[in-house]
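**Student:** The structure under discussion is supplied below as structure tokens; questions concerning it will follow.
The values are calculated or read from the model by the stated rules, or taken from the named source; none is laboratory data. Just so it is clear, the structure is predicted and the values come from calculations on it, not from any experiment. Every residue, glycine as well, gets a Cβ built from its backbone with ideal geometry; the counts of neighbours run over all protein chains shown. Please note that ligands, DNA and RNA were not included when accessible areas were found on the heavy atoms of the full protein model with its side chains. Shrake-Rupley method; radii C 1.70, N 1.55, O 1.52, S 1.80 Å.
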Amino acid sequence: QVQLVESGGGLVQPGGSLRLSCAASGMMFRIYNMGWYRQAPGKQRELVAVIDSGGSTNYVDSVKGRFIISRDNAKNTVYLQMNSLKPEDTAVYYCHIQGTSTWGQGTQVTVSS
């Protein structure tokens, strides 16, 4: 059974940093493109960043230069390093296997003073 488990969310002040992790199991992790999404209250879920099986990355414009997506295939884990956080980054962040219906349970990120 394929499973994704996110961790690393929390409350942080504006300008602070957090690192999210998503541990995958039950799949050949290294061959899949992986994505981080977020959903703020009252808004649709949006794509934040993707990393393909070769390590190439893409970001939504609002996080470019602040967020970094990476992966460790030996640990079956994808990361999202979030720097210079803003209140508008507040959302539940989800890990996703691109092209499938598999999502993690989500982790809450709150940016507030």
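**Student:** Being farther than 26 Å from Pro14 by Cβ and either hydrophobic (A, V, I, L, M, F, W, C) or touching a Gly at 6+ places or on another chain (Cβ under 9 Å) (or both) is the filter here, so list the residues in region 83-107 that pass it.
**Tutor:** His96, Ile97, Gln98, Trp103
**Student:** Next up: What number of residues within region 29-41 satisfy the criterion of being open to solvent by 20 Å² or more (accessible area, probe 1.4 Å) and either among the hydroxyl-bearing types (Ser, Thr, Tyr) or at pLDDT 95 or above (or both)?
**Tutor:** Residues in region 29-41 being open to solvent by 20 Å² or more (accessible area, probe 1.4 Å) and either among the hydroxyl-bearing types (Ser, Thr, Tyr) or at pLDDT 95 or above (or both): 5 in total.
**Student:** State the number of residues belonging to region 1-22 that are open to solvent by less than 50 Å² (accessible area, probe 1.4 Å) and either part of a loop (DSSP other than H, G, I, E, B) or without any contact (Cβ under 8 Å) to a residue 60 or more places away in the chain (or both).
**Tutor:** Within region 1-22, residues that are open to solvent by less than 50 Å² (accessible area, probe 1.4 Å) and either part of a loop (DSSP other than H, G, I, E, B) or without any contact (Cβ under 8 Å) to a residue 60 or more places away in the chain (or both) number 4.
Condition check ((1) surrounded by 14 or more Cβ atoms within 10 Å (Cβ to Cβ); (2) assigned to a strand (DSSP E or B)) across all residues:
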| residue | (1), (2) |
| --- | --- |
| Ala24 | yes, yes |
| Met27 | yes, no |
| Leu47 | yes, yes |
| Ile69 | yes, yes |
| Lys75 | no, no |
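**Student:** Let me ask something else. Answer yes if at least one residue in region 90-113 is within 11 Å of the chain's Cα centre (by Cα), modelled with pLDDT under 95 and in a loop (DSSP other than H, G, I, E, B), and no otherwise.
**Tutor:** Taking every residue of region 90-113 in turn, at least one turns out to be within 11 Å of the chain's Cα centre (by Cα), modelled with pLDDT under 95 and in a loop (DSSP other than H, G, I, E, B).
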